[in-house]
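What follows is a short report on a single structure.
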């Protein structure tokens, strides 16, 4: 099995592309920021067995691994490649039977917004889904809408995978996503990490 790798904007994260589905087309990504959180995925658990792995993010057709800062990619990358290849070649299920992806539903359900506020939230979600998430996934991460505060105009988003803890994530939120949302949705005043 040939697995391609791509650097991400986060120097501690690397994107692994096995050339086959991981979670499958259309699936939302799954973020495992700790070993304890990886119970639903035998693949994520096997990656946490590699010394120096700090978090794992599973996408539709990629895996992003974040390492400890003190560990060099030169030393950890072969073990990660081996763990991914062994796991996928064996045909093991990526998720345990009955396991579900963590919800990407907003912290405040769409139904809780009324009138104009609901229209604003629908616009925000549409922009994030069509313009932001594909670009962020290309960098080995994900971004999820969590909440819109109508009184203050603040949008709260959660960054996952390579984007979580990335040195440029604040700039991505402020210079990129905030500016775009403010342009298309005048009610938005700022964007904050949830």
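Here are the numbers for this structure:
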quantity: Elements of type strands (runs of 3 or more DSSP E) in the stretch 1-116, at least 2 residues being without any contact (Cβ under 8 Å) to a residue 40 or more places away in the chain; calculated: 4-7, 53-58
quantity: Test: residue 82 is surrounded by fewer than 21 Cβ atoms within 10 Å (Cβ to Cβ) and on the phi > 0 side of the Ramachandran plot; calculated: no
quantity: Qualifying positions in the stretch 144-165 - surrounded by fewer than 24 Cβ atoms within 10 Å (Cβ to Cβ), over 16 Å from residue 108 (Cα atoms) and in contact with a helix residue (DSSP H, G or I) (Cβ under 6 Å, 6 or more places away or on another chain); calculated: 159
quantity: Residue that is nearest to residue 9 (Cα to Cα), among those in the stretch 166-182 that are modelled with pLDDT of 75 or more and crowded, with 22+ Cβ neighbours inside 10 Å; calculated: 177
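The values are calculated or read from the model by the stated rules, or taken from the named source; none is laboratory data. All values derive from a computational prediction rather than experimental measurement. When we count neighbours, we look across all protein chains shown, and the Cβ atoms used for this are built from the backbone with ideal geometry, even at glycine.
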